[in-house]
Structure formats: C-alpha cells, structure tokens
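Asks: Input: one structure, supplied below.
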Amino acid sequence: MEERIRTITERWGYEEIRTPTFERAELFTLKSGQEILKEMYEFEDKSGRHLALRPELTAPVIRLYLNALKMSPKPTKVYYFGNCFRYEEPQKARYREFWQFGTEIIGTDTAEAQAELIALAFTILTALGIEAELHVGHVGLIREVLREKPLTEEEINTVMRLIDKDQRDAVIALLTERNVTRQDIDKLLYLIDLTGRDALQEALDRELITAASAAVRELEQLLEILGYYGIPYILNLGIARGLDYYTGMVFEIYEAGGKLGAQNQLCGGGSYRLAALFGGDDVPSTGFAFGFDRLAEIYTVPAAALTRQRVIVVPVRRDPADREVVREAIRIASLLRAFVPTHIDLMTRSISAQLKYANALSSSFAVMVGTDELREGVVTLRNLSTGEQERLSVEACVARIKNYCNLFELADKPAYKPEVREEA
Ligand code: HAM
C-alpha cells in the first residue's frame, strides 16, 4: 500500500521529506495555545528543553522549510510518511501512535494548487480500491461570521474546534455567554449543516454569508477546477478542522463502506499560513494527510501481492567442505536477486531440510545446484507447488523464473488515472 501511494505521489511531482520524531513543544503551541499540550506527549529533556513527540507533520515541515528549503523553486512540493503521537482516548481506528502519509505545497494556495491536492488524494484512494466520499468547504465562511461577533481570536478557535468535534451544546453555551443572540446562533448552526450542490447558493439566499466574502469567490474558483479533474465532491460548509492554522479551503475524505465506525475520516487537509508565525515570510501553503492505519484497516490486498514470489537456491553438497557448488549457488542467487526475493542456505543443512524451509516460506521455486550438473553447466529447477522439475541451463532457468514473476507483477499494477465520474 505504501509503495503504491508513494509511486502515485511521485508521479504528481512530489518529493519525499523527513523530519525528526520530536520537536520543541513551542512549535505546536505557538498557533494553538497551551490547551493543545493536553493532547500531546510532551516532556523535558535532560537540559530542560520542553519537547513534544510530533502530533502531525505540517508544522515540522514548515519549520524545516524555513531552515533549509527557503531557496528551493516555488512551489515546493513535498510528501512525507511518518509516525505521529496524540494523547487521545484510544478506540477503533484511533491510536496514540499512528502513521500519516501527507503532502504539502509550499509557496502558493491558488485554486489550482488546492484542486491538485484534492485530486491527488482522491486518485490515491481510487487506486487503492477504497470507496470514499470527499467533502469540500472553506473555514473562512464560518470564521467571517464569528468575527462579526464579540469574540476574541482565541474564542473563535475554540468554537471552530467544538464545531469540528460536533459539540453543539458547548458551541451554544459559549456563544450565549458572549451575548450572541439565539437567532444568530441558529443561523450559524444552520450554516454548518449545509451540504450538497446548492449549499453555497442557499447560504447566500438566507443571508447566512455575504456575496462580497472572499471565501465565497475562492470556493467557487476551486470547485470549477475540481470539475476539470472530474472528481466527485460534496460541498460541506460545516467543515471546521481540528487544527487552528487553516485559513481557506478545507477538505475531508470519509470512508464510505461503513467499515471504520465513528473514526471514518481517512484524510484531512486545506490551505494554511504557518511560516510567518515561525519567523519567516508569509508563505501561503496547502496540504493534506492520510491516516495510514485507517487505510490499512480497510485496504484489501490484491491477490497477486499475496502470492509474492520467492525462490530458494539449494547447493547440493557432496560433503560439507564442497565449495564449488556454494560458489555457483551464490552466483545464481545474485542473478535472481536482481528481480525476485531469493534465499540461499546459511546453515549447511541437508537438501530435505532446505526444501522444508522453502516450503515454510511459500517459495515458488527451488534451484538445485549439484556437482554433476555443475560440470554440464545446468541446474535443476523445481516448481514447489506442482513438484515438477527439469534440467535447464542457468540462463534458461533465470529467464523462466523472470517470466513467471513478470506475469504476477502485471496483475498487481495499480491504476493511476482517476475515474471520471459525474459530480455528486
Ligand atoms: P488531521 O485531520 O488532524 O490533519 O489528521 C490527518 C488524518 O490522520 C486524519 O484524517 C486521520 O485519518 C488520521 N488520524 C488523526 N488522528 C489519528 C489517530 N489518533 N489515530 C489514527 N489516525 C489518526 C493533520 O494532521 C494535518 N496536518 C493535515 C494537513 C496537512 N493539513 C495541511 N497539510
């Protein structure tokens, strides 16, 4: 699964980046405040530095960008695959250590960049054969509404996090306490419930948002380009995202087959600004991350990948000191290792013990190298599933195994093109 995702992502022009497992805790509290510490593994090291195991990779990637990649051509397109740590209540598909596969475009957040990322995420899921539902929104819509109310930026972030967790009672309580009228609260709740093709129009008609809003224009442009990719999406004005740094478009992809239960969000992302906060210039960026464990939970391994080929080369020694067959066995193993996992005896075992080992590893072939055969320049190729065997030249034997492996590899090639479907 990892190999497929990497291949597709690299074909879209992204390059791998790696960051350390831990960072200064400040990197994550700068934007989100001290509250976020409760959700992290944080500690002091022997010199009293306040550190944290990374809960995600976007902030570390932007830090590394500012340290080392500022001069790279723009836009800078990177991807990562790394473990993350969150101090959460573990449940099905929610772990304290989990893996993310993510990408970031640093240096632009145009509609084109956003659409490319959404299309890439959707293409990956299509290639993995995972049934998914893509929801697209814009945090600017809700934030603009909240900014008109007597709320501090901190309180707005709190409301966004509560909306993300679907804690409506807490939203109502907080806004009521800040003297927001019940009518305005109801308008907000109505807005975050709006989904579907006409959501934007309805929000405008009901005067929940204003046509002059920059968010509306941005969202319209994005949806137009998403249409060019032929990606089926659902407009969802209620996406708030759990992290505070998003400034524009946001999207989430959910598993649609009902296999994951409550934790069915496979992917989340959007446009954000972090560079200025970390002391750099203000660099617009866009990114997403897949929850790799969640993908693994629902991914069906293709049959061809399950029958991955293995070969064992068996030196048939006349006595333990027989070096000639070992030399030839190593030569043949080197030829095979160019394209197929190959084992060779490491314990001076008997032929039957070597074949038993081959069976335990579900090897497809054994290549037997004996003294008499060595003299004639041939080996014995045994098909371990049928028991058939034949004597062949070394070249013919290697070619035969290669042919066989190619057949399986062809059956295992993922489709890279997104399926073009009608918009949802
Ligand atoms: P996030 O939505 O917090 O976004 O995490 C991304 C994905 O990681 C989620 O959609 C989910 O599949 C997975 N995930 C999150 N927490 C857990 C957990 N406890 N156990 C298993 N899987 C989990 C981010 O982290 C952003 N950095 C994404 C991003 C990149 N935005 C812009 N660029």
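The values are calculated or read from the model by the stated rules, or taken from the named source; none is laboratory data. Keep in mind that what you see is a predicted model, and the values were worked out from it rather than measured. Glycine gets a Cβ as well: all are built from the backbone with ideal geometry, and neighbour counts include every protein chain shown. Remember, those area values only see protein heavy atoms, side chains included, never the ligands or the DNA or RNA. Shrake-Rupley method; radii C 1.70, N 1.55, O 1.52, S 1.80 Å.
Asks: Taking only C-alpha pairs under 8 Å that are 6+ residues apart, what is the relative contact order of the chain in percent?
Replies: On the way: 695 pairs, mean separation 72.0, N = 424.
Rounded, it is 17 percent for the chain.
Asks: Would you mind working out the accessible area per residue for the range 138-267, using a 1.4 Å probe, and quoting it in Å²? Mind dumping the intermediate values first?
Replies: On the way: 6050 Å² over 130 residues.
About 47 Å² of surface per residue is accessible.
Asks: Another question about this same structure. Semi-axes of the range 92-165's equivalent ellipsoid from the Cα gyration tensor, sqrt of 5 times each eigenvalue, largest first, rounded to whole Å? Walk me through the numbers on the way to the answer.
Replies: Values: eigenvalues 165, 71, 31 Å².
After diagonalising the Cα gyration tensor, the semi-axes are 29, 19, 13 Å.
Asks: Moving on to the next point. Roughly how many Å² is the accessible area per residue of the range 305-411, as a whole number, for a 1.4 Å probe? Walk me through the numbers on the way to the answer.
Replies: Values: 6290 Å² over 107 residues.
With all protein chains present, the range 305-411 gives 59 Å² per residue.
Asks: At a threshold of 8 angstrom on Cα-Cα distance, excluding pairs fewer than six apart, so keeping six or more, what relative contact order does the range 353-412 reach in percent?
Replies: Values: 53 pairs, mean separation 13.8, N = 60.
In percent, rounded to a whole number, it is 23.
Asks: Got a sec? Charge dipole of the range 304-355, +1 on Cβ for Lys and Arg, -1 for Asp and Glu; which of Ser352, Ile330, Val316 is way out at the positive end?
Replies: Farthest towards the positive pole: Ile330.
Asks: Top mean-square fluctuation among Ala93, Ala360, Ala214, Gaussian network model of the chain, C-alpha springs under 10 Å?
Replies: With Cα springs under 10 Å in the chain, the top fluctuation among Ala93, Ala360, Ala214 is at Ala360.
Asks: Under a point-charge model restricted to the Cβ atoms of Lys and Arg (+1) and Asp and Glu (-1), what is the dipole moment magnitude of the range 305-411 relative to its Cα centre, in debye to the nearest 20?
Replies: Working: 15 positive and 12 negative charges, 61 e Å.
Computed charge dipole of the range 305-411: roughly 300 debye.
Asks: Further question on the same structure: Mind giving me the nanometre distance, one decimal, between the label points for Gln34 and Leu189, set 7 Å out from Cα along Cα→Cβ?
Replies: 3.3 nm
Asks: For a quick check, take a GNM of the chain with Cα springs below 10 Å and name the residue from Ala59, Ala240, Ala173 with the largest mean-square fluctuation.
Replies: The residue that fluctuates most here is Ala173.
Asks: If you place +1 on the Cβ of every Lys and Arg, -1 on the Cβ of every Asp and Glu, and leave all else neutral, what size is the dipole of the chain about its Cα centre, to the nearest 20 Debye? List each step's numbers first, then the result.
Replies: Working: 52 positive and 64 negative charges, 357 e Å.
Using only the charged Cβ atoms, the result is roughly 1720 debye.
Asks: Would you mind telling me the share, in percent, of accessible area of the range 1-122 contributed by carbon and sulfur at probe 1.4 angstrom?
Replies: Values: 2890 of 5980 Å².
In the range 1-122, the share of accessible area belonging to carbon and sulfur is 48 percent.
Asks: What nm value, rounded to one decimal, do you get for the distance between Arg49 and Gln263 when each label is placed 7 Å out toward the C-beta?
Replies: Result: 3.0 nm between the two label points.
Asks: Can I ask one more? Rounded to the nearest 0.05, what FRET efficiency is calculated for Thr152 and Thr108 with R0 set to 35 Å and r the Cβ-Cβ distance?
Replies: On the way: r = 30 Å, r/R0 = 0.87.
Efficiency, rounded to the nearest 0.05: 0.70.
Asks: Longer than 26 Å from Cα to Cα, which of Lys46/Lys92; Lys92/Lys187; Lys31/Lys165; Lys31/Lys259; Lys74/Lys149; Lys31/Lys77 are they? Say none if no pair is.
Replies: On the way: Lys46/Lys92 35 Å; Lys92/Lys187 34 Å; Lys31/Lys165 19 Å; Lys31/Lys259 34 Å; Lys74/Lys149 38 Å; Lys31/Lys77 23 Å.
As for pairs spanning more than 26 Å Cα to Cα, those are Lys46/Lys92; Lys92/Lys187; Lys31/Lys259; Lys74/Lys149.
Asks: Rounded, prolate or oblate for the range 8-51? Axes are the square roots of the Cα gyration tensor eigenvalues, ordered a ≥ b ≥ c, and the cut-off for rounded is a/c under 1.5.
Replies: Working: a/c = 3.63, a/b = 2.05, b/c = 1.77.
Verdict is prolate for the range 8-51.
Asks: Using alpha carbon centroids, what distance separates the range 228-246 and the range 1-69, in Å?
Replies: 23 Å
Asks: Which length gain, in nm to one decimal place, applies between Glu297 and Asp319 when the Cα-Cα distance is subtracted from 0.36 nm times their residue separation?
Replies: On the way: separation 22, 0.36 × 22 = 7.92 nm, distance 4.99 nm.
The Glu297-Asp319 span can extend by a further 2.9 nm.
Asks: A further question on this structure: What does the chain give for Rg and for Dmax, in Å, if only its C-alpha atoms count?
Replies: Just the Cα atoms of the chain yield Rg and Dmax of 28.1, 95 Å.
Asks: Once label points are set 7 Å from the Cα along Cα→Cβ at both Leu407 and Met347, what is their separation, rounded to one decimal in nm?
Replies: With each label point 7 Å from Cα toward Cβ, the separation is 3.2 nm.
Asks: Counting only protein heavy atoms, what percent of the accessible surface of the range 163-243 is carbon or sulfur at a 1.4 Å probe? Working shown, then result.
Replies: On the way: 1960 of 4310 Å².
Using a 1.4 Å probe with all protein chains present, the range 163-243 comes out at 46 percent carbon and sulfur.
Asks: While we're on this one: Work from the charge dipole of the range 19-125 (Cβ charges, +1 for Lys and Arg, -1 for Asp and Glu, about the Cα centre) and give the residue of Leu69, Gln100, Cys84 farthest towards its positive end.
Replies: Leu69
Asks: If I build a Gaussian network model for the chain, linking alpha-carbon pairs within less than 10 angstrom, which residue out of Tyr404, Tyr95, Tyr14 has the largest mean-square fluctuation?
Replies: Tyr404
Asks: Related question: Given R₀ = 56 Å, FRET efficiency for Lys92-Leu277 by Cβ-Cβ distance, to 0.05? Spell out each step's value before the answer.
Replies: Numbers: r = 35 Å, r/R0 = 0.62.
Efficiency at R0 = 56 Å is approximately 0.95.
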